[in-house]
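Here the structure comes first, spelled out in structure tokens, and everything after it is commentary.
Please treat every number below as a calculation from the coordinates, not as lab data. Quick caveat: nothing in here was measured; it's all calculated off a predicted structure. Neighbour counts are summed over all protein chains in view; Cβ atoms, including those assigned to glycine, are modelled from backbone coordinates with ideal geometry.
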Amino acid sequence: MTDGQPSGRDAVVIGGGLAGITAALALADAGVRVTLLEGRPRLGGLAFSFQRGELTVDNGQHVYLRCCTAYRWFLDRIEGTALAPLQDRLDVPVLDLARPEGRRLGRLRRDALPVPLHLGRSLATYPHLSLAERAGVGRAALALKGLDLADPSLDAQDFGSWLTAHGQSARAVEALWDLVGVATLNAVAGDASLGLAAMVFKTGLLSDPGAADIGWAHVPLGELHDRLARKALDSAGVRTEVRTRVTSISTEDNGTWSVQVPGETLRADAVVLAVAQGEAADLLPEGALDAPERLREIGTAPILNVHVVYDRKVLDKPFFAALGTPVQWVFDRTAASGLREGQYLALSQSAAHEEIDEPVAELRRRYLPELERLLPLARGAEVRDFFVTRERTATFAPAPGVGRLRPGARTKAPGLYLAGAWTATGWPATMESAVRSGVSAADAALAALGRPRPARLFEFEEAA
């Protein structure tokens, strides 16, 4: 409601990323009147698309796993599940360039067996590790499975030291633990909290045989997180305003909230602040958190994406991971981008601290020869386009100690709630974490407003 008194069931959600969209949908599904405010010209936060000539380009490659039950709920809620399917069974091709015998292909895949036997055959035949290293990985995995994720001391330790203490060689870390961990945590093992790393590996690889099956959008991300999300919001009765930046939020004498945007004041009974941690710190009113300065202590980590368009097909797989090269993960984005001739590959380079500001020409000199080493068909292909996208603050940094800095959904200010992948979801900075945070914020707000939980909102908990 604008420039008036809220009715007892009005909410404003600030931020139109996955956390904010989720919170808005959940509140609206419970009968709350919701206004969603987003400063950018589109929804989707840091998982979006843009046009480059005939290409529809995702700013970065985003994937999810079968164990990401909240994001799967989100896809279902916006009617996008069929557009971002999961693999029938985990299968990751891994190309290694470091061996003396040259380029070698291995695979990480699962069988239809119970945990941990589902990965037994794959690990036993994984060619990028020695027999002793494979056995060591199995022992470390069992030790990891035994960790208690509720133990706060795990957050203070780094994953790399734990791996070393459990007999993991540098090669095992590179060829397995970091292969998975860098892509999911956006940090190498030595820079990652043991608590978050243990959560990733226990949940993704050691909880259910199909937990790590990979899903990704077969359409541009904007089709999901902007167009379909906006359609769902409209159908739920949410008022959505883009290009609308909030300048301040404050409480009224009667306990309601005022949200100030240029030229307008919105009043509400509940406010969900679903923006990045630094912006949240700027907007939080005094006293809302005991130690608001902690939000600024949550570091950030970059992701670099390298985009290459060839005049012909050079890759016959949907994606692969690489070892012995600067290249990390390569995805075929040809069909999703709308490219009619040739092939469009996207390289996703996580934890790219040293490369994030390098000139495009330097990145071109580095990565095109590496792709030719990895993909023999690229050696005779013409590069029709080469460009990069940079997300300097793509995720929060999952460093040891970050857990104590991540706040929950509730603040000390009644009616004000926090959402975002950086809040205390227990997950690293993923789409899953963002959606879970939106659910938590909506749940807290609904409880305070005396509104019933929408039954379908928590279906993902039953699926977990």
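Translational diffusion coefficient of the range 77-148 (Stokes-Einstein, Kirkwood radius from Cα pairs, 10 °C, 1.306 mPa s): 109 µm²/s. How would the range 244-384 be classified by its alpha-carbon gyration tensor: rounded, prolate or oblate, with rounded meaning a/c under 1.5 and the a/b versus b/c comparison settling the rest? Since a/c reaches 1.5 and a/b is larger than b/c, the shape of the range 244-384 is classed as prolate. Which shape class applies to the range 146-266: rounded if a/c is under 1.5, otherwise prolate when a/b exceeds b/c and oblate if not, where a ≥ b ≥ c are the square roots of the Cα gyration tensor eigenvalues? It is prolate, given that a/c is not under 1.5 and a/b is the larger ratio. Considering only GLY426, ALA270, GLN61, and ranking their Cα positions along the charge dipole of the chain that arises from unit charges at the beta-carbon of Lys, Arg, Asp and Glu, the one farthest toward the positive end is GLN61. Each principal axis of the range 1-93 carries a Cα extent, and these read 58, 34, 16 Å when sorted largest first.
Scanning residues 5 or more positions from THR395 or on other chains, those with amide H under 5 Å from its amide H are ALA301, with H placed 1.01 Å from N in the peptide plane. Computed over the alpha carbons of the chain, Rg followed by Dmax gives 22.6, 74 Å. Of the residues GLY45, ALA28, LEU105, the one whose Cα sits farthest toward the positive end of the charge dipole of the range 25-128, with +1 on the Cβ of Lys and Arg and -1 on the Cβ of Asp and Glu, is LEU105. When the square roots of the Cα gyration tensor eigenvalues are ordered a ≥ b ≥ c, the ratio a/c for the range 218-303 is 1.5 or more and a/b does not exceed b/c, which makes its shape oblate. Compute the long axis of helix 18-29 from its Cα atoms, compare it with the longest principal axis of the Cα atoms of the chain, and write down the angle in degrees, 0 to 90, nearest 10. Roughly 50 degrees between the two axes. Given +1 at the Cβ of Lys and Arg, -1 at the Cβ of Asp and Glu and no other charges, the dipole of the chain around its Cα centre is 940 debye to the nearest 20. Backbone phi angles across the range 162-175, fed through the Karplus curve with coefficients 6.51, -1.76 and 1.60 (θ = phi - 60°), yield HN-Hα couplings of 5, 4, 4, 5, 9, x, 8, 6, 4, 5, 5, 5, 5, 7 Hz in residue order; Gly and Pro are listed as x. Give me the percent of DSSP beta bridges within the range 1-131 that run antiparallel, rounded to the nearest 5. So the antiparallel bridges in the range 1-131 amount to around 65 percent. Of interest is the spacing of the C-alpha centroids, which for the range 334-370 and the range 18-51 amounts to 29 Å. For the range 1-143, the dipole from Cβ point charges (+1 on Lys and Arg, -1 on Asp and Glu) about the Cα centre works out to 600 debye, to the nearest 20. Couplings 3J(HN,Hα) for the range 297-307, derived from phi with the Karplus relation 6.51 cos²θ - 1.76 cosθ + 1.60 (θ = phi - 60°), are 7, 6, x, 10, 9, x, 10, 9, 10, 10, 10 Hz, where x marks Gly and Pro. In degrees from 0 to 90, rounded to the nearest 10, what is the angle of the helix 360-374 Cα long axis to the longest principal axis of the chain? Between the helix axis and the principal axis of the chain, the angle is about 50 degrees. Rounded to the nearest whole Hz, the Karplus-based 3J(HN,Hα) values (6.51 cos²θ - 1.76 cosθ + 1.60, θ = phi - 60°) of the range 236-246 follow the sequence 7, x, 6, 7, 10, 10, 9, 6, 10, 9, 6, with x at glycine and proline.
The helix-based estimate of mean residue ellipticity at 222 nm for the chain, built from -39,500 (n - 2.57) per DSSP H run of four or more residues and divided by its residue count, is -8000 deg cm²/dmol to the nearest 500. Close amide-amide hydrogen proximity is noted between LEU108 and VAL92, VAL94, each under 5 Å apart and 5 or more residues distant or on a separate chain (H modeled in the peptide plane; Pro and chain starts excluded). With Cα atoms defining each centre, the range 122-141 and the range 239-259 are spaced 55 Å apart in the structure.
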